Amino acid sequence: MYERFLRVLAASCIGLFFLALPVLAQDTMRIRGTVERIEGAVFVVKTRDGSEVKLTVTDSPLFVVIIPGKMSDIKPGMFVGSAGMMQEDGSQKATEVHIFPESMRGTGEGHYDWDLLPKSKMTNGNVEQAVTGVDGPVLSVKYKGGEKKLVVTPQTVVVSYEMGKRDEIQPGTRVFVAAAKKLADSTFQTPRITYGRNGEGPAF
């Protein structure tokens, strides 16, 4: 069952992360926010800017929960994704690091603009080396066409994934949708919702 989940997760995430790269279709958007209420099949989400969006899911949707991790979970050879801010020395200060299961290797690979914070970047690649730096551990992450050093600080959030359940998404749950499609009635629809438990939540 778990292996089947990883295969489904990989296929879904790879498609969604590539949809979520800088060139988004005009009728899709990323949604980050907190579920305000549930109206039947509709999740009403309050976004970061205070607006509300109505979100539904497609048939056979995937619900994925973010679970806390730690720096010691990250080993050379793992495939990770990191949102963060570029530093003057060319390194990237990691806001968060996501550890992908092996079946998701290659998801969103590269280094590109991201909208978590103004001027933030996303770097997804293979961990070549982990060393101790002045500000914290430094991950050398290689991707097709380049390599970046990710500085992991005590404030950096490290997470991984596991299968979730629709019933766990309740008012107060923090959610992230990589690419929600806008429908004719101005609601949005997605095949996948990533969420956090117990007040925790994804930010990427």
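The values are calculated or read from the model by the stated rules, or taken from the named source; none is laboratory data. A quick note: this is a predicted structure, and the numbers were derived from the prediction, not measured. For the accessible areas, the whole protein counts, side chains as well, though only heavy atoms, and no ligand, DNA or RNA atoms are used. Shrake-Rupley method; radii C 1.70, N 1.55, O 1.52, S 1.80 Å.
Search the structure for amide H atoms under 5 Å from the amide H of Ser120, placed 1.01 Å from N in the peptide plane, and list their residues when 5 or more places away or on another chain.
Result for Ser120 returns Trp114.
Taking each pair of distinct Cα atoms in segment 106-180 once, what is the resulting Kirkwood hydrodynamic radius in Å? Please report the intermediate quantities before stating the final value.
Details: mean 1/r = 0.0669 Å⁻¹.
Taking the inverse mean of 1/r over all distinct Cα pairs, segment 106-180 comes out at 14.9 Å.
Got a sec to turn the phi values of segment 40-57 into Karplus ³J(HN,Hα) couplings, 6.51 cos²θ - 1.76 cosθ + 1.60 with θ = phi - 60°, whole Hz, x for Gly and Pro?
x, 8, 9, 8, 9, 10, 8, 7, 4, 8, x, 7, 10, 10, 9, 10, 10, 10
Please compute P(r) over all alpha-carbon pairs of the chain, binned at 10 Å starting from zero, and give each bin as a whole-number percent.
Computed distribution, short to long bins: 9, 36, 36, 16, 3, 0.
As a test, work out the antiparallel percent of DSSP beta bridges whose residues both lie in the chain, rounded to the nearest 5. Intermediate values should be presented prior to the final figure.
On the way: 54 of 67 bridges.
Antiparallel: roughly 80 percent of the beta bridges in the chain.
For segment 111-126, in order, what is each residue's ³J(HN,Hα) by Karplus, 6.51 cos²θ - 1.76 cosθ + 1.60 with θ = phi - 60°, in whole Hz (x at glycine and Pro)?
9, 7, 4, 9, 10, 5, 9, x, 6, 6, 10, 10, 10, 10, x, 8
Would you calculate, for the chain, the mean residue ellipticity at 222 nm contributed by helices, counting each DSSP H stretch of 4 or more residues as -39,500 (n - 2.57) and dividing by all residues, to the nearest 500? Before the final figure, lay out the partial values.
Values: 1 runs with 18 residues, N = 204.
Here the helix-only value at 222 nm equals -3000 deg cm²/dmol.
What is the angle, in °, between the Cα long axis of helix 2-19 and the longest principal axis of the Cα atoms in the chain? Nearest 10 is fine, range 0 to 90.
90 degrees
Express in Å², to the nearest 10, the accessible area of Val131 obtained by rolling a 1.4 Å probe over the protein heavy atoms while all chains stay in place.
Here the accessible area works out near 60 Å².
What fraction, in whole percent, of alpha-carbon pairs in segment 45-119 exceed 16 Å separation? Don't jump to the answer; show the numbers that get you there.
Numbers: 1880 of 2775 pairs.
Value for segment 45-119 (Cα pairs over 16 Å): 68 percent.
Using modelled backbone amide H atoms (1.01 Å from N, in-plane), which distant-in-sequence or interchain residues come within less than 5 Å of Glu96's amide H?
Answer set, sorted by chain and number: Ala83, Val157.
Hey, what did segment 34-177 get for relative contact order, percent, Cα under 8 Å, at least 6 apart?
On the way: 296 pairs, mean separation 40.8, N = 144.
The normalised contact order for segment 34-177 reaches 28 percent.
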